[in-house]
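Okay, structure first, notes after.
The values are calculated or read from the model by the stated rules, or taken from the named source; none is laboratory data. In this text the structure is predicted, and so the values were computed from the model without any measurement. As a convention, Cβ positions derive from the backbone with ideal geometry for all residues, glycine included, and neighbour counts pool all protein chains shown. Please note that ligands, DNA and RNA were not included when accessible areas were found on the heavy atoms of the full protein model with its side chains. Shrake-Rupley method; radii C 1.70, N 1.55, O 1.52, S 1.80 Å.
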Amino acid sequence: MLCAHLLCFCVMFLLISTRLNGKKMGMEVFALGNLLLGLAYILQLLDGPPDWGFMSVVNHTLTLCAPVAYLLGAMRFFDRPTPVLRPLLALAAGYSVLQVLVQLTLGDAARHALLAGFCVLLFLGMTVAVLYGRRSFAKDLHVEMTVFAVLIAGICILNAAKFAMILNGGVAALDMSSGFQKVFYIYMSFLATVLPPCAVWLVLRRLTDELRTLAAHDPLTRLLNRRGLMDALDAHFRSRTAAPAYLLIVDIDHFKSINDTHGHNVGDLVLSRVADVLKANSRQGDLICRLGGEEFVVIALDTDRAGVLQLAERMRSAIEQSEVPGTAMKQPIRCTATIGVSDEFTSAHAFDEFLQQADAALYRGKAAGRNRVEWELAQEV
(Lines give C-alpha, C1' and ligand atoms only; values in the text may rest on other atoms or scores of the structure.)
Protein backbone atom coordinates (compact mmCIF):
# COMPACT_ATOMS: atom_id res chain seq x y z
CA MET A 1 0.00 0.00 0.00
CA LEU A 2 2.83 2.38 0.83
CA CYS A 3 4.47 1.78 -2.54
CA ALA A 4 1.16 2.45 -4.29
CA HIS A 5 0.74 5.63 -2.22
CA LEU A 6 4.18 6.90 -3.21
CA LEU A 7 3.72 6.11 -6.90
CA CYS A 8 0.24 7.70 -6.96
CA PHE A 9 1.64 10.92 -5.49
CA CYS A 10 4.48 10.71 -8.02
CA VAL A 11 1.87 10.89 -10.80
CA MET A 12 -0.02 13.64 -8.94
CA PHE A 13 3.13 15.76 -8.62
CA LEU A 14 3.80 15.37 -12.35
CA LEU A 15 0.24 16.41 -13.17
CA ILE A 16 0.51 19.44 -10.87
CA SER A 17 3.81 20.47 -12.47
CA THR A 18 2.22 20.43 -15.94
CA ARG A 19 -0.46 22.88 -14.77
CA LEU A 20 1.92 25.47 -13.29
CA ASN A 21 2.84 27.05 -16.65
CA GLY A 22 6.62 27.08 -16.42
CA LYS A 23 7.00 27.75 -12.70
CA LYS A 24 6.87 24.14 -11.53
CA MET A 25 7.91 24.91 -7.92
CA GLY A 26 9.97 21.72 -7.79
CA MET A 27 6.95 19.45 -8.25
CA GLU A 28 8.61 17.41 -10.99
CA VAL A 29 11.59 16.82 -8.68
CA PHE A 30 9.32 15.81 -5.80
CA ALA A 31 7.75 13.34 -8.24
CA LEU A 32 11.19 11.91 -8.94
CA GLY A 33 11.88 11.62 -5.20
CA ASN A 34 8.63 9.73 -4.70
CA LEU A 35 9.47 7.43 -7.60
CA LEU A 36 12.93 6.64 -6.22
CA LEU A 37 11.59 5.97 -2.73
CA GLY A 38 8.75 3.80 -4.07
CA LEU A 39 11.21 1.75 -6.14
CA ALA A 40 13.47 1.37 -3.09
CA TYR A 41 10.57 -0.07 -1.07
CA ILE A 42 9.65 -2.43 -3.91
CA LEU A 43 13.24 -3.70 -4.18
CA GLN A 44 13.38 -4.19 -0.43
CA LEU A 45 10.22 -6.31 -0.55
CA LEU A 46 11.58 -8.37 -3.44
CA ASP A 47 15.08 -8.74 -2.00
CA GLY A 48 13.97 -10.07 1.39
CA PRO A 49 16.46 -10.20 4.34
CA PRO A 50 19.50 -7.88 4.16
CA ASP A 51 22.32 -9.53 2.21
CA TRP A 52 24.90 -8.76 -0.46
CA GLY A 53 23.65 -8.55 -4.03
CA PHE A 54 22.79 -6.34 -6.97
CA MET A 55 19.27 -5.57 -5.76
CA SER A 56 20.55 -4.63 -2.32
CA VAL A 57 23.11 -2.21 -3.79
CA VAL A 58 20.47 -0.57 -5.99
CA ASN A 59 18.06 -0.42 -3.02
CA HIS A 60 20.61 1.41 -0.87
CA THR A 61 21.45 3.81 -3.70
CA LEU A 62 17.78 4.65 -4.29
CA THR A 63 17.20 5.04 -0.54
CA LEU A 64 19.94 7.68 -0.39
CA CYS A 65 19.03 9.42 -3.65
CA ALA A 66 15.33 9.85 -2.76
CA PRO A 67 15.80 12.38 0.09
CA VAL A 68 18.44 14.19 -1.99
CA ALA A 69 15.81 14.56 -4.73
CA TYR A 70 13.39 16.00 -2.15
CA LEU A 71 16.11 18.43 -1.08
CA LEU A 72 16.72 19.57 -4.67
CA GLY A 73 12.96 19.93 -5.17
CA ALA A 74 12.74 22.08 -2.04
CA MET A 75 15.51 24.32 -3.37
CA ARG A 76 13.53 24.84 -6.57
CA PHE A 77 10.37 25.47 -4.57
CA PHE A 78 12.15 28.34 -2.81
CA ASP A 79 13.29 29.81 -6.16
CA ARG A 80 16.87 28.55 -5.99
CA PRO A 81 17.53 27.09 -9.45
CA THR A 82 19.63 23.94 -9.22
CA PRO A 83 20.45 21.04 -11.58
CA VAL A 84 18.85 17.72 -10.69
CA LEU A 85 19.76 14.85 -12.99
CA ARG A 86 23.54 15.31 -13.00
CA PRO A 87 23.90 15.54 -9.19
CA LEU A 88 21.61 12.53 -8.70
CA LEU A 89 23.39 10.45 -11.35
CA ALA A 90 26.78 11.38 -9.90
CA LEU A 91 25.57 10.48 -6.39
CA ALA A 92 24.08 7.19 -7.58
CA ALA A 93 27.25 6.16 -9.44
CA GLY A 94 29.61 7.27 -6.69
CA TYR A 95 27.64 5.70 -3.87
CA SER A 96 27.20 2.41 -5.77
CA VAL A 97 30.97 2.15 -6.29
CA LEU A 98 31.57 3.06 -2.65
CA GLN A 99 29.16 0.32 -1.54
CA VAL A 100 31.03 -2.31 -3.54
CA LEU A 101 34.39 -1.20 -2.12
CA VAL A 102 33.09 -1.21 1.46
CA GLN A 103 31.43 -4.61 0.97
CA LEU A 104 34.60 -6.18 -0.43
CA THR A 105 36.89 -4.71 2.21
CA LEU A 106 34.80 -4.45 5.39
CA GLY A 107 31.79 -6.68 4.86
CA ASP A 108 28.00 -6.47 4.76
CA ALA A 109 27.53 -4.84 8.17
CA ALA A 110 29.84 -1.98 7.19
CA ARG A 111 27.84 -1.40 3.99
CA HIS A 112 24.59 -1.10 5.95
CA ALA A 113 26.31 1.14 8.51
CA LEU A 114 27.52 3.27 5.60
CA LEU A 115 23.94 3.93 4.48
CA ALA A 116 22.81 4.79 8.01
CA GLY A 117 25.79 7.11 8.50
CA PHE A 118 25.21 8.94 5.22
CA CYS A 119 21.53 9.32 6.10
CA VAL A 120 22.45 10.83 9.49
CA LEU A 121 24.65 13.46 7.82
CA LEU A 122 22.08 14.16 5.11
CA PHE A 123 19.10 14.53 7.45
CA LEU A 124 21.13 16.54 9.95
CA GLY A 125 22.08 18.98 7.18
CA MET A 126 18.47 19.14 6.03
CA THR A 127 17.28 19.87 9.59
CA VAL A 128 19.78 22.71 9.94
CA ALA A 129 18.78 24.10 6.52
CA VAL A 130 15.09 24.01 7.41
CA LEU A 131 15.70 25.78 10.74
CA TYR A 132 17.79 28.40 8.94
CA GLY A 133 15.08 28.84 6.30
CA ARG A 134 12.48 29.40 8.99
CA ARG A 135 14.37 32.59 9.93
CA SER A 136 15.37 33.73 6.45
CA PHE A 137 13.91 32.71 3.09
CA ALA A 138 10.78 30.99 4.48
CA LYS A 139 9.61 33.37 7.20
CA ASP A 140 6.07 33.16 5.84
CA LEU A 141 6.12 29.38 6.43
CA HIS A 142 7.30 29.47 10.04
CA VAL A 143 4.90 26.80 11.35
CA GLU A 144 5.33 24.49 8.35
CA MET A 145 9.13 24.70 8.50
CA THR A 146 9.09 23.94 12.22
CA VAL A 147 7.03 20.80 11.59
CA PHE A 148 9.39 19.72 8.81
CA ALA A 149 12.41 20.27 11.05
CA VAL A 150 10.91 18.06 13.77
CA LEU A 151 10.01 15.29 11.31
CA ILE A 152 13.43 15.32 9.63
CA ALA A 153 15.22 15.43 12.99
CA GLY A 154 13.25 12.34 14.02
CA ILE A 155 14.50 10.26 11.09
CA CYS A 156 18.00 11.63 11.68
CA ILE A 157 17.93 10.38 15.29
CA LEU A 158 16.59 6.96 14.25
CA ASN A 159 19.33 6.56 11.64
CA ALA A 160 21.94 7.53 14.21
CA ALA A 161 20.59 4.83 16.55
CA LYS A 162 20.56 2.35 13.67
CA PHE A 163 24.18 3.21 12.84
CA ALA A 164 25.26 2.57 16.44
CA MET A 165 23.32 -0.71 16.62
CA ILE A 166 24.92 -2.02 13.41
CA LEU A 167 28.38 -1.16 14.72
CA ASN A 168 27.64 -3.00 17.97
CA GLY A 169 25.55 -5.95 16.72
CA GLY A 170 26.32 -6.31 13.03
CA VAL A 171 23.69 -7.27 10.45
CA ALA A 172 21.65 -8.99 13.15
CA ALA A 173 20.56 -5.52 14.31
CA LEU A 174 18.59 -5.23 11.04
CA ASP A 175 16.28 -8.15 11.88
CA MET A 176 12.78 -6.94 11.01
CA SER A 177 11.33 -8.77 14.01
CA SER A 178 13.22 -6.50 16.42
CA GLY A 179 11.34 -3.71 18.17
CA PHE A 180 13.69 -1.01 16.85
CA GLN A 181 13.28 -2.04 13.22
CA LYS A 182 9.50 -2.01 13.59
CA VAL A 183 9.62 1.51 15.06
CA PHE A 184 12.06 2.59 12.33
CA TYR A 185 9.90 1.42 9.44
CA ILE A 186 6.67 2.61 11.03
CA TYR A 187 8.21 6.09 11.29
CA MET A 188 9.57 5.91 7.73
CA SER A 189 6.15 4.84 6.50
CA PHE A 190 4.58 7.70 8.43
CA LEU A 191 6.94 10.19 6.78
CA ALA A 192 6.38 8.73 3.32
CA THR A 193 2.63 9.04 3.90
CA VAL A 194 2.61 12.55 5.38
CA LEU A 195 5.25 14.43 3.38
CA PRO A 196 3.66 14.19 -0.12
CA PRO A 197 0.37 15.82 1.02
CA CYS A 198 2.47 18.44 2.85
CA ALA A 199 4.23 19.25 -0.43
CA VAL A 200 0.85 19.72 -2.12
CA TRP A 201 -0.21 22.00 0.75
CA LEU A 202 2.93 24.13 0.30
CA VAL A 203 2.19 24.57 -3.41
CA LEU A 204 -1.39 25.59 -2.68
CA ARG A 205 -0.16 27.99 0.00
CA ARG A 206 2.38 29.54 -2.39
CA LEU A 207 -0.18 29.90 -5.18
CA THR A 208 -2.69 31.48 -2.80
CA ASP A 209 -0.06 33.94 -1.55
CA GLU A 210 0.91 34.84 -5.12
CA LEU A 211 -2.71 35.42 -6.09
CA ARG A 212 -3.16 37.64 -3.03
CA THR A 213 -0.02 39.57 -3.98
CA LEU A 214 -1.17 39.99 -7.58
CA ALA A 215 -4.56 41.24 -6.40
CA ALA A 216 -2.92 43.88 -4.19
CA HIS A 217 -0.17 45.16 -6.53
CA ASP A 218 0.11 47.07 -9.77
CA PRO A 219 1.53 44.71 -12.44
CA LEU A 220 3.80 47.32 -14.07
CA THR A 221 5.48 48.98 -11.08
CA ARG A 222 4.92 46.23 -8.44
CA LEU A 223 3.71 48.93 -6.09
CA LEU A 224 0.51 48.55 -4.12
CA ASN A 225 -2.70 49.21 -5.98
CA ARG A 226 -5.62 50.99 -4.30
CA ARG A 227 -6.98 47.75 -2.85
CA GLY A 228 -3.60 46.77 -1.42
CA LEU A 229 -3.10 50.27 -0.04
CA MET A 230 -6.44 50.27 1.74
CA ASP A 231 -5.77 46.85 3.28
CA ALA A 232 -2.35 47.98 4.52
CA LEU A 233 -3.72 51.28 5.80
CA ASP A 234 -6.52 49.52 7.63
CA ALA A 235 -4.01 47.13 9.23
CA HIS A 236 -1.90 50.11 10.35
CA PHE A 237 -4.76 51.94 12.04
CA ARG A 238 -5.94 48.78 13.78
CA SER A 239 -2.75 48.83 15.81
CA ARG A 240 -3.10 50.31 19.28
CA THR A 241 0.09 52.34 18.80
CA ALA A 242 -0.82 53.66 15.34
CA ALA A 243 0.31 57.24 14.79
CA PRO A 244 -1.39 59.70 12.41
CA ALA A 245 -0.55 59.43 8.71
CA TYR A 246 -0.01 61.93 5.92
CA LEU A 247 -1.01 61.44 2.30
CA LEU A 248 1.15 62.54 -0.64
CA ILE A 249 -0.03 62.54 -4.27
CA VAL A 250 2.88 62.39 -6.73
CA ASP A 251 1.95 63.31 -10.29
CA ILE A 252 4.46 63.16 -13.18
CA ASP A 253 4.57 66.47 -15.01
CA HIS A 254 3.68 66.51 -18.75
CA PHE A 255 3.41 62.71 -18.83
CA LYS A 256 1.03 62.81 -21.82
CA SER A 257 3.70 64.67 -23.75
CA ILE A 258 6.23 61.93 -22.93
CA ASN A 259 3.83 59.28 -24.22
CA ASP A 260 2.99 61.25 -27.36
CA THR A 261 6.64 62.03 -28.15
CA HIS A 262 8.39 58.78 -27.27
CA GLY A 263 5.63 56.17 -27.23
CA HIS A 264 3.89 54.16 -24.54
CA ASN A 265 6.82 51.78 -24.03
CA VAL A 266 9.01 54.68 -22.94
CA GLY A 267 6.10 55.96 -20.88
CA ASP A 268 6.00 52.63 -19.03
CA LEU A 269 9.75 52.89 -18.40
CA VAL A 270 9.22 56.36 -16.94
CA LEU A 271 6.49 55.06 -14.62
CA SER A 272 8.69 52.18 -13.48
CA ARG A 273 11.63 54.53 -12.89
CA VAL A 274 9.53 56.92 -10.82
CA ALA A 275 8.22 53.97 -8.81
CA ASP A 276 11.80 52.85 -8.11
CA VAL A 277 12.75 56.37 -7.03
CA LEU A 278 9.80 56.58 -4.66
CA LYS A 279 10.72 53.22 -3.10
CA ALA A 280 14.37 54.21 -2.77
CA ASN A 281 13.56 57.50 -1.04
CA SER A 282 10.70 56.37 1.21
CA ARG A 283 11.22 55.35 4.81
CA GLN A 284 10.73 51.91 6.23
CA GLY A 285 7.02 51.38 6.83
CA ASP A 286 5.78 54.00 4.35
CA LEU A 287 3.09 52.77 1.93
CA ILE A 288 3.51 53.46 -1.79
CA CYS A 289 0.73 52.97 -4.31
CA ARG A 290 0.21 53.57 -8.00
CA LEU A 291 -3.22 55.17 -7.97
CA GLY A 292 -3.62 55.09 -11.74
CA GLY A 293 -2.08 56.58 -14.86
CA GLU A 294 0.85 58.80 -13.84
CA GLU A 295 -0.39 59.36 -10.26
CA PHE A 296 1.18 57.75 -7.21
CA VAL A 297 0.18 57.93 -3.56
CA VAL A 298 2.60 57.75 -0.65
CA ILE A 299 1.31 57.29 2.90
CA ALA A 300 3.89 58.61 5.34
CA LEU A 301 3.58 56.89 8.71
CA ASP A 302 5.06 57.74 12.10
CA THR A 303 6.19 61.25 11.25
CA ASP A 304 5.20 64.90 11.75
CA ARG A 305 4.53 67.81 9.42
CA ALA A 306 8.19 68.77 9.10
CA GLY A 307 9.14 65.16 8.42
CA VAL A 308 6.54 64.62 5.72
CA LEU A 309 7.46 67.83 3.94
CA GLN A 310 11.12 66.81 4.04
CA LEU A 311 10.15 63.41 2.61
CA ALA A 312 8.10 65.01 -0.18
CA GLU A 313 10.90 67.37 -1.13
CA ARG A 314 13.43 64.51 -1.13
CA MET A 315 11.21 62.52 -3.49
CA ARG A 316 10.59 65.49 -5.78
CA SER A 317 14.31 66.24 -6.02
CA ALA A 318 15.23 62.59 -6.63
CA ILE A 319 12.69 62.30 -9.47
CA GLU A 320 14.03 65.49 -11.06
CA GLN A 321 17.62 64.20 -10.93
CA SER A 322 16.89 60.68 -12.16
CA GLU A 323 17.32 59.35 -15.68
CA VAL A 324 15.20 56.64 -17.29
CA PRO A 325 17.34 53.60 -18.24
CA GLY A 326 16.55 51.14 -21.00
CA THR A 327 15.97 53.64 -23.84
CA ALA A 328 18.03 53.76 -27.03
CA MET A 329 17.85 57.55 -27.34
CA LYS A 330 20.92 59.78 -27.42
CA GLN A 331 19.49 62.16 -24.85
CA PRO A 332 18.40 60.55 -21.55
CA ILE A 333 14.74 60.82 -20.66
CA ARG A 334 14.12 62.94 -17.60
CA CYS A 335 10.94 64.02 -15.89
CA THR A 336 9.74 66.05 -12.93
CA ALA A 337 6.82 65.60 -10.56
CA THR A 338 4.47 67.80 -8.56
CA ILE A 339 3.50 66.61 -5.09
CA GLY A 340 0.42 67.52 -3.06
CA VAL A 341 0.50 66.83 0.67
CA SER A 342 -2.54 66.42 2.92
CA ASP A 343 -2.92 67.18 6.61
CA GLU A 344 -2.63 64.29 9.07
CA PHE A 345 -5.43 61.73 9.36
CA THR A 346 -6.09 58.89 11.79
CA SER A 347 -8.49 56.50 10.08
CA ALA A 348 -8.59 54.44 6.90
CA HIS A 349 -12.18 55.60 6.43
CA ALA A 350 -10.86 59.16 6.04
CA PHE A 351 -8.66 58.19 3.08
CA ASP A 352 -10.92 59.60 0.33
CA GLU A 353 -11.40 62.89 2.17
CA PHE A 354 -7.68 63.46 2.58
CA LEU A 355 -7.01 62.19 -0.94
CA GLN A 356 -9.18 65.05 -2.21
CA GLN A 357 -7.33 67.41 0.11
CA ALA A 358 -3.94 66.37 -1.30
CA ASP A 359 -5.37 66.45 -4.83
CA ALA A 360 -6.44 70.06 -4.36
CA ALA A 361 -2.91 70.90 -3.18
CA LEU A 362 -1.51 69.06 -6.20
CA TYR A 363 -3.53 71.18 -8.64
CA ARG A 364 -2.37 74.35 -6.92
CA GLY A 365 1.17 73.14 -7.44
CA LYS A 366 0.46 72.45 -11.11
CA ALA A 367 -1.00 75.92 -11.55
CA ALA A 368 2.00 77.48 -9.81
CA GLY A 369 4.49 76.02 -12.30
CA ARG A 370 4.85 72.27 -11.52
CA ASN A 371 7.92 70.46 -10.10
CA ARG A 372 7.13 71.56 -6.57
CA VAL A 373 5.67 70.39 -3.27
CA GLU A 374 2.38 71.97 -2.20
CA TRP A 375 0.90 71.69 1.29
CA GLU A 376 -2.86 71.33 1.69
CA LEU A 377 -3.16 74.76 3.33
CA ALA A 378 -1.69 76.32 0.18
CA GLN A 379 1.46 77.20 2.04
CA GLU A 380 4.31 77.27 -0.43
CA VAL A 381 7.27 75.05 0.38
Residue ID - modelled with the highest pLDDT, chosen from residues in region 24-54 that are closer than 23 Å to Ala172 by Cβ and in a loop (DSSP other than H, G, I, E, B): Gly53
Matching residues in region 128-143 - criterion: being of a type outside the set (Val, Ile, Thr) and open to solvent by 30 Å² or more (accessible area, probe 1.4 Å): Ala129, Leu131, Tyr132, Arg134, Arg135, Ser136, Phe137, Lys139, Asp140, His142
Count - residues of region 289-316 that are surrounded by 22 or more Cβ atoms within 10 Å (Cβ to Cβ) and not small (Gly, Ala, Ser): 10
Residues of region 334-359 classified as in a strand (DSSP E or B) and over 26 Å from Arg273 (Cα atoms), total: 1
Sole exception among (1) touching a His at 6+ places or on another chain (Cβ under 9 Å); (2) among the hydrophobic types (A, V, I, L, M, F, W, C); (3) within 30 Å of Asp140 (Cβ to Cβ) for Leu114, by number: (3)
Tally, over region 144-169, of residues that are buried (at least 17 other Cβ atoms within 10 Å of the Cβ) and without any contact (Cβ under 8 Å) to a residue 24 or more places away in the chain: 3
Residue among Met27, Met55, Met75 that is in contact (Cβ under 8 Å) with a residue 12 or more places away in the chain, surrounded by fewer than 21 Cβ atoms within 10 Å (Cβ to Cβ) and within 25 Å of Phe137 (Cβ to Cβ): Met75
Of residues in region 9-23 being at pLDDT 85 or above and open to solvent by 70 Å² or more (accessible area, probe 1.4 Å), the one farthest from Val68 (Cα to Cα): Leu15
Selection status of Ile42, touching a Cys at 6+ places or on another chain (Cβ under 9 Å) and among the hydrophobic types (A, V, I, L, M, F, W, C): yes
Qualifying positions in region 208-241 - without any contact (Cβ under 8 Å) to a residue 12 or more places away in the chain and surrounded by 14 or more Cβ atoms within 10 Å (Cβ to Cβ): His217
Per-region count, region 281-330, residues aliphatic (A, V, I, L, M) and assigned to a loop (DSSP other than H, G, I, E, B): 2
